[in-house]
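Below: the structure, in structure tokens.
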Amino acid sequence: MTDISHVAGHTPAEEIKKIQDERLKEVSFVTKVMRRPELGALAGLILVTIFFIATADPSMFTLAGMMNILSPASQLGILAIAAALLMIGGEFDLSIGSMVAFSGLIFGSFLVLTGWPLLIAIAATFVVAALLGGLNGQLVIRTKLPSFIVTLAFLFILRGLSLVGLKWATGGSTQMRGIGDKAGEGLVREIFSGNALEGLFSWLAAHDIIAKFPNGTPTVTGVPVSIVWFVLFALVATWILLRTRAGNWIFASGGDANAARNSGVPVDRVKTSLFMLTACAATLVAILTVLDAGSTDSRRGFQKEFEAIIAAVIGGCLLTGGYGSAIGAFFGAIIFGMVSIGLTYTRFDSDWFQVFLGAMLLLAVLFNNFIRKKVTGER
Amino acid sequence: MTDISHVAGHTPAEEIKKIQDERLKEVSFVTKVMRRPELGALAGLILVTIFFIATADPSMFTLAGMMNILSPASQLGILAIAAALLMIGGEFDLSIGSMVAFSGLIFGSFLVLTGWPLLIAIAATFVVAALLGGLNGQLVIRTKLPSFIVTLAFLFILRGLSLVGLKWATGGSTQMRGIGDKAGEGLVREIFSGNALEGLFSWLAAHDIIAKFPNGTPTVTGVPVSIVWFVLFALVATWILLRTRAGNWIFASGGDANAARNSGVPVDRVKTSLFMLTACAATLVAILTVLDAGSTDSRRGFQKEFEAIIAAVIGGCLLTGGYGSAIGAFFGAIIFGMVSIGLTYTRFDSDWFQVFLGAMLLLAVLFNNFIRKKVTGER
Amino acid sequence: QQGSTRIIVVSHGQANDPFWSVVKNGVTAAGKDMNVQVDYRAPETFDMVAMGQLIDAAINQKPAGLIVSIPDASALGPSIKKAVAAGIPVISMNSGSDVSKGLGALLHVGQDEADAGRIAGAKLKEMGGKAGLCVNHEVGNVSLDLRCKGFAEGFGGKVMVLPVSNDPADIRAKVKAAIASDPSIDTVMALSAPLGGEPTAAAVKETGKSGIRVVSFDLSANFLKAVAAGEATFAIDQQQYLQGYLPVVFLALDSKYGLIPGGNVPSGPNLITKDKAAQVVDLSAKGIR
Amino acid sequence: MDTNAPLIETRDIVKHFGSVIALSGVSMSVNRGEVLCLLGDNGAGKSTLIKTLAGVHKPTTGEFLVDGRHVTFTSPRDALDAGIATVYQDLAMIPLMSVTRNFFMGREPTKGVWPLRYVDFDHCAEVTRDEMHKIGIDVRDPNQAVGTLSGGERQCVAIARAVYFGAKVLILDEPTSALGVAQTSMVLKYIHQVRQKGLGVIFITHNVRHAYAVGDRFTVLNRGKTLGTFAKAEIPIDELQNLMAGGKELQVLSSELGGMV
Amino acid sequence: MDTNAPLIETRDIVKHFGSVIALSGVSMSVNRGEVLCLLGDNGAGKSTLIKTLAGVHKPTTGEFLVDGRHVTFTSPRDALDAGIATVYQDLAMIPLMSVTRNFFMGREPTKGVWPLRYVDFDHCAEVTRDEMHKIGIDVRDPNQAVGTLSGGERQCVAIARAVYFGAKVLILDEPTSALGVAQTSMVLKYIHQVRQKGLGVIFITHNVRHAYAVGDRFTVLNRGKTLGTFAKAEIPIDELQNLMAGGKELQVLSSELGGMV
Ligand SMILES: Nc1ncnc2c1ncn2[C@@H]1O[C@H](COP(=O)(O)OP(=O)(O)OP(=O)(O)O)[C@@H](O)[C@H]1O
Ligand SMILES: Nc1ncnc2c1ncn2[C@@H]1O[C@H](COP(=O)(O)OP(=O)(O)OP(=O)(O)O)[C@@H](O)[C@H]1O
Ligand SMILES: [Mg+2]
Ligand SMILES: [Mg+2]
């Protein structure tokens, strides 16, 4: 007995090779892909899509129908991606929805009351939003209160200020109209409203590749800019999370703020920046919708904070922080948008709407989970 | 040098005494009291009370005024205490609010449609609620999905079912009435509706100790039963948390479910019971309000889940679980109720309502925190 | 199975809002009566952006007719114009009588919230009201805000808005608080009988003060009973059942025979006072009034 | 019950985590009145093995016998009920809860009759203080949160708890790693006492002296496999040391540092 | 800069946590090319002291000098910037994050120019694998979450990280507690190498052999106070053992167990 030293008598380098063979099972490509949190939500999206293909009016899956689903999904999605980053960073922002209304008011006032040019008004609105986001962040950090309660206070405060401000700005109404007319035309406007790729779509329609109205204009005149913003934001956010130092800091701050701090991560700065980001995302949505609708009212963005968190959670973010992905939130928003618009394409009585919404969300998430477990062999 | 063993050369028993003197600072009674999470929220309540004494109409602090504040606060409080227990246990229940509406419908149907006697109807409603709560819990446990998303689905589903069910039960209306008439009179009814201590209050009024109307009836005819339920529930919940095995299991399950499981705590059973408790608390509120108003409608309990969580967090519960108190939620509900009703007694323009609500909540929680830090010397 | 003609209704009121559930009942009934397929759609909250998207979704399904409410002409205008451009006949209902024609709708059924408020306010002023309270259970919902605003204009005197939630206990407490802290209040207006009116009437009764007039928009069985018992003064009935029923009938006839009325149809207001209250209780309990 | 059968026996236990193979066929056994030391390099699978015994993990394949009978634990509770008390390497403690509450977690003694059954936490606090003192730690305040204890103090709570509630098998995963000299001696003495009472002990450690001081037999794991089991009489301490190092050329290093490792 | 001044010096450091007095006047110093062993019973305050040096806690009172100059760290970042690298007893690691991401956390190397500056995580993974291998651990997959590593493997990540980024002072809080024999030897050898490069090391351990193998001086803490500092030449190993046990009558226990502790 006893002399067993020959058992592991290789050179280290040889040994590593050997270990990799010995203590790791082979995993298939599918397993590898599905294990990424980014792609878990994809399964749910596929399930939901199949459901609607089976039950909904075929016009849902025409080009126009898809744009119709993606355009609310994209507005929600911009918020959801920002909320996901913040949740990964370990905090919540419940003031996003109110921020949409407040930014809408600020933006409208800059255009209509002070008469600033569009570019200046947009820039100024973002500055105000970033300041408010920073204030949120600083309050959370300095008071060490949970962000839930701090941003909840701002949910009420900003919503209330939007009401007061609107009444003051319009002389008593809770709705401000005519913002669209003041915005004027030009490149800046085209970046924030209307459709992108209009030329391409007319060309496609002219060549009968896509559907058109009897008068010759295509039924879909282009890709709404909000969708473009949504996709870009998802890409950038994913890149930041997975490929940059800031991304590592976000995961670390949310995973364990103390451990991160002890390792030299500037946790407070990271969190403050994330709060500024959510505020700016809310502002982006406000500007997109205000320019699109031409008006704003004190209920804009109502409960959007909630929907954004839902989309992020569907997309696999943990409420406790430190885990999640931007692409997950991207798919989460599309799932949420597809379910809520999709039901209008089906023959279900709208009284049942909420029952279906709830059941579909649950099914989508269950399916996500089921597939992931199947594929990765977790137990 | 080097032989230093004499330095600690006492018998162990003597030593312990010495340590207690040596490595512990004296702490005052106030510090000890304030360090309890149960009492942290008290500071906020005091601040809010002082604010309203200074700014509000004096009628707010009459007996009638206090009852007026406590009666909505007590309904919220019953939900908040249940939500707090569940949060301490590490989970959320977002379906509480919808459960209020759904239980109201179930209860109303048992009384009006099937014509069951009150006691049976109440018992049956609690059974249905407990089953639904158990379903929530089992789904969370078996699927290992976050309770946020599972109960969110139930938020929608139950809200939707309430609407469908009401329309079905009433033949098209969203309101079911006549429940009060069907409930009949008797002891059971008195336990769930009306006022307690009516005799005492008449006597007090007759002896001019409390205010009365010109016709001799007291302005406050008794303590609304919901307040009695609220106080009792707070006491029982506190006792459970602090003095029973179940309480220890709740803290353990929320603090670290894995560690608790490894130590033999039946985590799944604890969590399922808590979900059943929140559902039953929602049902209690439903029965109290339905018997009080005599009717139920599909919007009952709207967003109450949200307010319950707010109250619990104001009362010091951690969103991440494992920490909090029932008494904290008790005070949290009163703070929330006082702020939201109290502003009506002040001269502030009602447009500013939400701004003040947010600001007061923030101030109350900040003050809690500030006082606790001051007293306990944390940094 | 109902006929193949399909009409889509997009409103800004959720299906579980008592007012809108009556509209929806009208829509459903008309669908049955006319043998057409009807779908009722509304956003989950008062959300103009979402409502615009729902109209777009409706247009994609190429219905035989589209019925919309127009609480915000700027936000919904483009979508409505798009429907018209796509050749879908549009009728507006409830709100938007002033902008309906301009956007290309065939006609408008219903009546402006502000007008209804104004008429009720004037009536209350006539009855001697000096200081009013408007109990708003969803501040920021433009149609409710307009009801309050109209009431204030018609009433003339001092009007305070009381923001409350949907919760009966909360409404009761706040109404009592408002009356306790301002004894001059002699008129209380609620914006929805089942959601606001009932608890408001109960609260006023509990204050023990006599001579405070309670009125409410919309109908509910219990509130009507309070009217009949003299505890509330009147209820403002827009007869919103008609706002759902008539446009469906018009569009069905339009698609079948090309028949369409030449002008707007006012559906209200109709003040339900003590003498009429008892008759409508049952209809209200069934969600028709 | 077969009294000759080992208290606990595993045969060819295999455990996979997704694609990771943590155990690939481990067999071992513990008898009454015996201390089995489980040795092996970092990552050899020791903790995984004992977590399987404690009902935390379900083995992928393999047999597990208690008192000669096949068992399948579905939860740690089952293992506790079968008389297996465990100190986990990651301690199984709730930082936010007090020392007392952690100590009695899952096994709170109750008083009174239902529905007024309660836990006498004052009494519990006393027990905790006493047990901790026995192991050489003076807890200032048993109501202090475990999260504020030092690493060693925390370890002592876990050990004291397992010993206090200990039944027929005591499993200790690196219990002495964070302990001071005095506390270590206490723990080793405990293990000795426990053995004398006829219980079985599984003791995981990287310290060859601790292992040799109390161990009766030594089972060595390497990369998820059993390398062999040796009785104390069969193996001198320096050979055991080599065995623990997984056969790596330690002597060289060791001498560089003055033979002190 | 005063080259004769100690690298790090503390004078009468006091630290209170609420009503708990964790440190009540501790003085110590570390010189260039020296390994200071910090010894003491469980709960003596060793971790608290080094957390104060590392900028995690602010001392309640007391002076802290680096290179002979008074400093006040407001965050661990300050300490890192001043060249103090620390391995905490509780490791400062994020279980949900991969080994690589944990390894480079807070000190990620970037490539490219803003705004396209990125971290080459593939390169980072290679570095991590290499560094871990140097310490005797073969990480299967550097993208594996730290939470799935064994206790010892996790400790090795923390040590490898501190050593890789090590600057002028390296603080190690019980680094060898969870390590196997081979890994322990590696770490002790590292400490030796680091000292030879002229850096200062603070080494906390409960293992007298490890301490004596690499330590130059030994500072003993007891109940939050310094008991004294001893050079290696002044103190034989068994006396050091007694000192570490806090003067408790260890010999008795020790002999009961065959002198093996
Ligand atoms: N945050 C805190 N709050 C209250 N007490 C604390 C806190 N941190 C440490 N202590 C107390 O201070 C004392 C010293 O703890 P410390 O962690 O420094 O001990 P240590 O010497 O590192 O012990 P060990 O060798 O067991 O790790 C302990 O008694 C501990 O309970
Ligand atoms: N949940 C898990 N998922 C994936 N791999 C795991 C998991 N748990 C353990 N492992 C892997 O299994 C192997 C064995 O781990 P284990 O904790 O049993 O080692 P150990 O022998 O206790 O080591 P140490 O002495 O360092 O504590 C390790 O390489 C570890 O990375
Ligand atoms: Mg281990
Ligand atoms: Mg320590």
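How many Cβ atoms of partner chains, on average, are near each residue of C:82-88 if near means within 10 Å of its Cβ?
Whole-number average of other-chain Cβ neighbours for C:82-88 is 2.
Between C:Ala229 and A:Ser59, how high is the FRET efficiency from 1/(1 + (r/R0)^6) when r is the Cβ-Cβ distance and R₀ = 60 Å? Nearest 0.05.
After rounding to 0.05, the efficiency reads 0.70.
Using a label point 7 Å beyond Cα on the Cα-Cβ vector, give me the inter-copy distances for B:Leu235 in nanometres, one decimal, shortest first.
In ascending order, 6.6 nm.
Using θ = phi - 60° and the Karplus relation 6.51 cos²θ - 1.76 cosθ + 1.60, list the HN-Hα couplings for the stretch C:63-79 in order, rounded to whole Hz, with x at every Gly or Pro.
These are the phi-based 3J(HN,Hα) values: x, 6, x, 10, 10, 10, 9, 10, x, 9, 5, 5, 6, 8, x, x, 5 Hz.
In chain B, which residue puts its Cβ closest to the axis that turns chain B onto chain A, and how many whole Å away is it?
That would be B:Thr320, 3.
Given the pairs A:Lys373/B:Lys271; C:Lys130/C:Lys276; D:Lys232/E:Lys46; A:Lys167/C:Lys24, which span a C-alpha to C-alpha distance of over 28 angstrom in this model?
D:Lys232/E:Lys46; A:Lys167/C:Lys24
So how much accessible area does B:Leu113 have, in Å² to the nearest 10, using a 1.4 Å probe?
Accessible surface of B:Leu113 is approximately 90 Å².
Could you name the residue in chain E with the C-beta closest to the rotation axis that superposes chain E on chain D, along with the separation in whole Å?
Measuring from each Cβ to the axis, the minimum is at E:Ser177, 2.
From the label point of E:Lys58, set 7 Å from Cα along Cα→Cβ, how far away are the matching label points in the other copies, in nm, ordered shortest to longest?
5.2
State, to one decimal in nm, how far the label point of B:Val228 lies from the label point of B:Phe367, with both points 7 Å from Cα in the Cβ direction.
Distance between label points: 3.2 nm.
So if we plug the beta-carbon distance of C:Lys274 and B:Ala169 into 1/(1 + (r/R0)^6) with R0 = 41 Å, what FRET efficiency do we get, rounded to 0.05?
0.90
Just E:Glu108, E:Glu174, E:Glu63 to compare: in a GNM of chain E, with alpha carbon springs under 10 Å, which one fluctuates most?
E:Glu108
Counting only protein heavy atoms and rolling a 1.4 Å probe, how much accessible area do D and A lose on contact, total for both sides, in Å² to 100?
1700
Projected area of the stretch B:40-367, taken from the Cα convex hull and averaged over every viewing direction, in nm²?
18.2
In whole Å, what is the distance between the alpha-carbon centres of the stretch B:64-140 and the stretch A:286-316?
The stretch B:64-140 and the stretch A:286-316 have Cα centres spaced 31 Å from each other.
Under 19 Å between alpha carbons, and skipping anything fewer than 8 positions from E:Lys168 in its own chain: which lysines qualify?
E:Lys51, E:Lys189, E:Lys197
Give the longest segment of chain B that steers clear of GluC sites (Glu not before Pro) in DSSP loops with at most 15 neighbouring Cβ atoms within 10 Å, not counting the sites themselves.
Here the longest run is B:186-377.
For the stretch E:69-76, in order, what is each residue's ³J(HN,Hα) by Karplus, 6.51 cos²θ - 1.76 cosθ + 1.60 with θ = phi - 60°, in whole Hz (x at glycine and Pro)?
3J(HN,Hα) across the stretch E:69-76, in whole Hz: 10, 5, 9, 10, 8, 9, 7, x.
Report the FRET efficiency, 1/(1 + (r/R0)^6), for E:His192 and A:Trp203, where r is their Cβ-Cβ distance and R0 is 56 Å, rounded to 0.05.
0.15
If you roll a 1.4 Å probe over the protein assembly as shown with all protein chains in place, what percent of the accessible area is carbon or sulfur?
Exposed carbon and sulfur together represent 59 percent of the surface.
What percentage of all Cα-Cα pairs in the protein assembly as shown are separated by more than 60 Å?
Result for the distance tail: 26 percent.
With θ set to phi - 60°, apply the Karplus curve 6.51 cos²θ - 1.76 cosθ + 1.60 along the stretch D:50-63 and write out the HN-Hα couplings as whole Hz, x wherever there is a Gly or Pro.
6, 5, 5, 5, 8, x, 6, 10, 9, x, 5, 9, x, 10
Tell me, how many Å apart are the Cα centres for the stretch E:160-202 and for the stretch B:156-175?
So the two Cα centres are separated by 69 Å.
Which of the peptides C:45-55, E:118-128, E:96-106 is most tightly packed, and how do the rest follow, judged by the mean count of other Cβ atoms within 10 Å per residue?
Sorting C:45-55, E:118-128, E:96-106 by mean packing, highest first, produces E:96-106, C:45-55, E:118-128.
Can you return the aspartates and glutamates within cross-link range of B:Lys144? Criterion is Cα-Cα under 20 Å, with same-chain partners fewer than 8 residues away left out.
The reachable aspartates and glutamates, counting only those whose Cα sits under 20 Å from B:Lys144, are A:Glu38, A:Glu378, B:Glu91, B:Asp93, B:Asp256, B:Asp268.
At 222 nm, what value in deg cm²/dmol follows for chain B if DSSP H runs of at least 4 each add -39500 (n - 2.57) and the sum is divided by all its residues, to the nearest 500?
-23500 deg cm²/dmol, from helical runs alone.
What are the residues whose amide H is under 5 Å from the amide H of A:Leu94, where those residues sit 5 or more places off or on another chain and H is modelled from the backbone?
Answer set, sorted by chain and number: A:Thr151, A:Leu152.
Within 10 Å, count the other beta carbons around each residue, average over each peptide in D:183-189, D:158-164, and list them highest first.
D:183-189, D:158-164
Modelled label-to-label distance, C:Leu253 and C:Lys209, 7 Å Cα→beta-carbon offset: nm?
Taking the two extended label points, one gets 5.0 nm.
Which one of D:Leu149, D:Leu116, D:Ile191 is farthest out on the positive end of the charge dipole of chain D, using unit charges on Cβ (Lys, Arg +1; Asp, Glu -1) and the Cα centre as origin?
Checking the options against the dipole of chain D, the answer is D:Leu116.
How do C:239-249, B:57-67 rank on mean C-beta neighbours within 10 Å, highest first?
C:239-249, B:57-67
List the distances, in nm and shortest first, from the label point of A:Ala123 to the matching label points in every other copy, placing each point 7 Å from Cα along the Cα-to-Cβ direction.
7.4
May I ask for the distance between the Cα centers of the stretch C:175-217 and the stretch C:54-105, given as a whole number of Å?
Going from one Cα centre to the other spans 38 Å.
Select from B:Ala260, B:Ala83, B:Ala329 the residue whose mean-square fluctuation is largest in a Gaussian network model of chain B (Cα-Cα springs shorter than 10 Å).
Maximum fluctuation in the GNM of chain B, among the listed residues, is at B:Ala260.
At 7 Å along the Cα-to-beta-carbon direction for both A:Ile46 and D:His70, put a label point, then send me their distance in nm to one decimal.
3.8
What aspartates and glutamates could a cross-link reach from E:Lys111, if we take a straight Cα to Cα line under 12 Å and drop same-chain neighbours fewer than 8 places away?
E:Asp120
Over chain B, with a Gaussian network built from C-alpha contacts below 10 Å, which listed residue (B:Lys304, B:Lys212, B:Lys271) shows the highest mean-square fluctuation?
Its mean-square fluctuation being the largest, the pick is B:Lys212.
Only bridges whose two residues both fall in the protein assembly as shown count here: according to DSSP, what percent of them are antiparallel, nearest 5?
Counting DSSP beta bridges with both partners in the protein assembly as shown, the antiparallel share is about 50 percent.
Only loop residues by DSSP count here, and only those with at most 14 other Cβ atoms within 10 Å; note down the GluC sites (Glu not before Pro) in the stretch C:21-127 that meet that.
none
Where the only charges are on Cβ atoms (+1 Lys, Arg; -1 Asp, Glu), what is the dipole of chain E about its Cα centre, to the nearest 20 debye?
It works out to roughly 380 debye.
Within the stretch B:319-361, what residues put their amide N at less than 17 Å from the label point 7 Å along the Cα-to-Cβ vector of C:Lys158?
So the set is B:344-351.
Would you please give the residues with an amide H less than 5 Å from that of D:Ser24, counting only those at least 5 places away or on a separate chain, with H modeled from the backbone geometry?
D:Lys15, D:Lys225
List the residues whose amide H sits under 5 Å from the amide H of A:Gly316, counting only those 5 or more places along or on another chain, with H placed 1.01 Å from N in the peptide plane.
none
Need one value for E:36-42: mean number of C-beta atoms belonging to other chains within 10 Å of its residues' C-beta atoms.
Neighbouring Cβ atoms belonging to other protein chains average 5 per residue here.
The values are calculated or read from the model by the stated rules, or taken from the named source; none is laboratory data. Everything numeric in this text was worked out from a predicted model, so none of it was measured. Positions of Cβ are backbone-derived with ideal geometry, glycine not excepted, and every protein chain shown enters the neighbour counts. To get the accessible areas, we keep the full protein, side chains included, count just its heavy atoms, and leave off ligands, DNA and RNA. Shrake-Rupley method; radii C 1.70, N 1.55, O 1.52, S 1.80 Å.
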